[in-house]
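Trainee: I'd like to ask some things about the structure below.
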Amino acid sequence: MPDDTVATLRAELEAQKRVLEDRLERIKANVRRGFDADSAEMARELENQEVVDALGNEATAELARISAALLRIDAGDFGVCLDCGDPIASERLAAAPYAERCIDCANEAERAPGS
Ligand SMILES: [Zn+2]
């Protein structure tokens, strides 16, 4: 993979990472506000808690994938499939820079979840 392509993807990943970190901060701030509110307000907030958790978990998981991709860039093995070691297609990386598997292995993993 050409260096300038990696540099472009790295910039993209870092931008996404900042967006997600901001989102997580806002989610955490909302949760803290829930605890400060009076009891009626708090009951309502707690109903939203599951939604907030889901959003937070999603953002946390995505953040982890992005951080892992940045580490792979630093280690010099970015764009290589974790399963078969083949290069991941650049179109696939352009669409999902934190893809860890080539399309074949990703499809394989989807067909056999948990293995
Ligand atoms: Zn593969």
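Trainee: Got a number for residues in the range 73-85 being within 17 Å of Glu12 (Cβ to Cβ) and in contact (Cβ under 8 Å) with a residue 12 or more places away in the chain? Don't jump to the end; show me each part of the working.
Mentor: Taking the range 73-85 and keeping what is within 17 Å of Glu12 (Cβ to Cβ), we get 73-74, 78-79.
Pick out the ones that are also in contact (Cβ under 8 Å) with a residue 12 or more places away in the chain and you get 73, 78-79.
Residues that pass the stated criteria total 3.
Trainee: Further question: Could you grab me the full set of residues in the range 52-87 that are assigned to a loop (DSSP other than H, G, I, E, B), in contact with a helix residue (DSSP H, G or I) (Cβ under 8 Å, 6 or more places away or on another chain) and under 16 Å from Ala7 (Cα atoms)?
Mentor: Phe78, Gly79
Trainee: Scan the range 76-109 residue by residue and report those that are under 30 Å from Lys28 (Cβ atoms) and either among the hydroxyl-bearing types (Ser, Thr, Tyr) or surrounded by fewer than 17 Cβ atoms within 10 Å (Cβ to Cβ) (or both).
Mentor: Passing the criteria: Ala95, Ala96, Tyr98.
Trainee: Just one of the numbered conditions (1) within 24 Å of Arg101 (Cα to Cα); (2) at pLDDT below 90; (3) β-branched (Val, Ile, Thr) is not true of Thr60; which one?
Mentor: For Thr60, the exception is condition (2).
Trainee: While we're on this one: Within the range 94-103, which residues are part of a helix (DSSP H, G or I) and within 13 Å of the ligand (Cβ to nearest atom)?
Mentor: Our first condition is that a residue be part of a helix (DSSP H, G or I); within the range 94-103, this holds for 94-95, 103.
Once the filter is applied, which keeps residues that are part of a helix (DSSP H, G or I) and within 13 Å of the ligand (Cβ to nearest atom), the range 94-103 yields only Ile103.
Trainee: Could you please find all residues in the range 13-23 being exposed (fewer than 15 other Cβ atoms within 10 Å of the Cβ) and either in contact (Cβ under 8 Å) with a residue 12 or more places away in the chain or not in a helix (DSSP H, G or I) (or both)? Let's see the steps before the verdict.
Mentor: Residues of the range 13-23 that are exposed (fewer than 15 other Cβ atoms within 10 Å of the Cβ), as a first pass: 14-15, 18-19, 21-22.
Listed by number, the residues that qualify are Glu14, Glu21.
Trainee: Give me the pairs, please: first residue somewhere in the range 86-115 and in contact (Cβ under 8 Å) with a residue 12 or more places away in the chain and among the polar types (S, T, N, Q), second residue anywhere and assigned to a helix (DSSP H, G or I) and surrounded by 13 or more Cβ atoms within 10 Å (Cβ to Cβ), beta-carbon distance under 9 Å, and either six or more positions apart or on two chains.
Mentor: Short answer, once both residue conditions are applied: Ser90/Thr5.
The values are calculated or read from the model by the stated rules, or taken from the named source; none is laboratory data. These figures come from a predicted structure and were not determined experimentally. Positions of Cβ are generated from backbone atoms using ideal geometry, with glycine treated the same way; all protein chains shown enter the neighbour counts.
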